[in-house]
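This report concerns only the one structure given below.
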Amino acid sequence: MKHPQNIAVGILASSKIEFRLIGTFKIGSEECQTLAPGNYTVRAINDQMIIESHELTLNSSSPITLEPVSPNNTFILKKVTIGIDFHWEQKEDQRFSGKLKFIKEGNQVWAINLINLEDYLQSVISSEMSANASLEFLKAHAVISRSWVLAQIQNKNKSLIKSPKKENTNPTEIERWYDHEDHQLFDVCADDHCQRYQGTTKIVSEKALKAVQQTEGEVLVFDNEVCDTRFSKCCGGISENFENVWEPVYHPYLSKVVDSEFADTTYVDLRIEEEAKEWIRNKPHAYCNTDDQNIIRQVLPGFDQKTSDFFRWTITYTQKELAELLQKKSGLDFGEIIELKAIKRGHSSRIIQLKITGTKLTVTVGKELEMRKWLSNSHLYSSAFVVEPKNLKNGIPQKFTLSGAGWGHGVGLCQIGAAVMGEKGFSYRKILQHYFKNAELIKLAQ
């Protein structure tokens, strides 16, 4: 296996994109054709892309690549959406190094950043968490972020990735799961759907630079292939198996991990409902069970810090709120909601199948992200929850309290837990061994 030099990252798509060049850029490989520093727009009109400024208009029906004349030259893409469909969704201007490529797709233009893989990683580990986190945690994340993106390219080249939305549906049973898209125009996207990449917008600290340099080319492998390393904010105490969240394929390196130094003496089976209820309603020892604000600030960017109850959380809906929310998010009219019942749970207590019984309709829904979408205006923190119906009137609850554990899908590395391990003095190798059992750490050939 060889270490690739460059990757293509899809940043945003729109019928009109505003951007600013900081320094001179040449068009393609033509030295004589350049764009001066300044503000520009690119539009998709009919079968053309049109780049405009106060001084020029450039038309093209083919992809356009802008290459910096000097490696210090950068560009700014305006109004980039981050946190798409999540509760922190917002727009911001973002600055990037490397090349800027425009490709027309339908009535939109894609802005794509062609960037050195190691430079990309410096931004990823500064975007996914604070660049001032512990060095060992940042090194562990550099390895899994590198592994993840190379696994996507590896799988894409083998045509293993299918559609981003898989589903099995009938009138009473719905199963959908969402995974990395088979992006045709680029390798990965820049948002949470893949992994956060916000260019040089995020402050890349000396630690982030060291983390990437000191692990350069290092990846996790299993059975001679780069591991599809996953991560989420907080597992809630035990990580989940890959096949319970995405396609039904077992990956030995993405299976249950008790997030504690006492893992060998922790015997719980959270697939059993009563054990799951007891686990969720308590706060068992775990690396990710922390309220240390210094650690939390290291892991969570500013907008993520609005979420403080990530290890254990509670949300209450009135009957009216829940019925309206389910109809809005699922498109189904359940009538009044009688019961939310876990039919099947995974190893972390995350619900895989949830039965929703209403006065008009009964449906079983899965997998975890689909039910999280149905049960929140954005996304419920996780599908590891128990339900307490309250104030029954004629057998119909007037309130539902959901008590839950963790934040995210819970597969692979737990970012909060790994940050705590880093603060406790664990090496990045130990952190990786903890979360990705059966995987081997190797250095790719140049």
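The values are calculated or read from the model by the stated rules, or taken from the named source; none is laboratory data. Predicted model, so just to flag it, every value in this text is computed and none were measured. Using ideal geometry, Cβ is built from the backbone for each residue, glycine included, and neighbour counts are taken over all protein chains shown. Accessible surface is based on the protein model in full, side chains and every heavy atom, while ligands, DNA and RNA are left aside. Shrake-Rupley method; radii C 1.70, N 1.55, O 1.52, S 1.80 Å.
Quick rundown of the values:
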{"quantity": "Sites residue 184 and residue 22, calculated FRET efficiency, Cβ-Cβ separation with R0 25 Å, nearest 0.05", "calculated": "0.25"}
{"quantity": "Percent carbon-and-sulfur accessible area, the chain, ignoring ligands, DNA and RNA, probe 1.4 Å", "calculated": "46"}
{"quantity": "Euclidean distance between Cα centres, segment 397-415 to segment 318-378, Å", "calculated": "14"}
{"quantity": "Dipole of segment 210-362, positive end: most advanced residue of 361, 227, 246 [Cβ charges, Cα centre]", "calculated": "361"}
{"quantity": "Debye, to nearest 20: dipole size of segment 51-156, +1 on Lys, Arg Cβ, -1 on Asp, Glu Cβ", "calculated": "180"}
{"quantity": "Relative packing of peptides 246-259, 400-413 - highest average C-beta neighbours within 10 Å first", "calculated": "400-413, 246-259"}
{"quantity": "Whole-Hz couplings from phi, Karplus 6.51/-1.76/1.60, listed for segment 213-230; x for Gly and Pro", "calculated": "5, 6, 10, 3, x, 7, 9, 9, 10, 8, 6, 6, 10, 5, 6, 7, 5, 10"}
{"quantity": "Burial order of peptide ranges 417-425, 352-360 (average beta-carbon count within 10 Å, highest first)", "calculated": "417-425, 352-360"}
{"quantity": "Cβ charges +1 (Lys, Arg) and -1 (Asp, Glu), total dipole of segment 247-387, debye", "calculated": "440"}
{"quantity": "MRE, 222 nm, helices only [DSSP H, n ≥ 4, -39500 (n - 2.57), over the chain, to nearest 500]", "calculated": "-6000 deg cm²/dmol"}
{"quantity": "Estimated FRET transfer efficiency when R0 is 56 angstrom, pair residue 56-residue 391 (beta carbons, to 0.05)", "calculated": "0.25"}
{"quantity": "Packing-based ranking, highest mean first, of 386-396, 231-241 given that Cβ atoms within 10 Å are counted", "calculated": "231-241, 386-396"}
{"quantity": "Two-decimal ratio, segment 310-354, of alpha-carbon radius of gyration to 2.2 N^0.38 Å", "calculated": "1.35"}
{"quantity": "Distance (nanometres) between label positions extended 7 Å along Cα→Cβ at residue 48 and residue 93", "calculated": "2.8"}
{"quantity": "Fraction of antiparallel bridges per DSSP, the chain only, in percent to nearest 5", "calculated": "90"}
{"quantity": "Which labelled figure in [x] 151; [y] 219; [z] 257 is volume of the Cα convex hull per residue in Å³, once derived from the coordinates", "calculated": "[x]"}
{"quantity": "Scattering profile of segment 298-446 at q = 0.11, 0.12, 0.20, 0.21 Å⁻¹ [log10 I(q)/I(0), Debye over alpha-carbon scatterers]", "calculated": "-0.53, -0.61, -1.22, -1.31"}
{"quantity": "Solvent-accessible heavy-atom area per residue, rounded to whole Å², over the chain at 1.4 Å", "calculated": "44"}
{"quantity": "Among 397, 346, 407 the positive-end extreme of the charge dipole of segment 326-446 (Cβ point charges)", "calculated": "346"}
{"quantity": "Debye, to nearest 20: dipole size of the chain, +1 on Lys, Arg Cβ, -1 on Asp, Glu Cβ", "calculated": "560"}
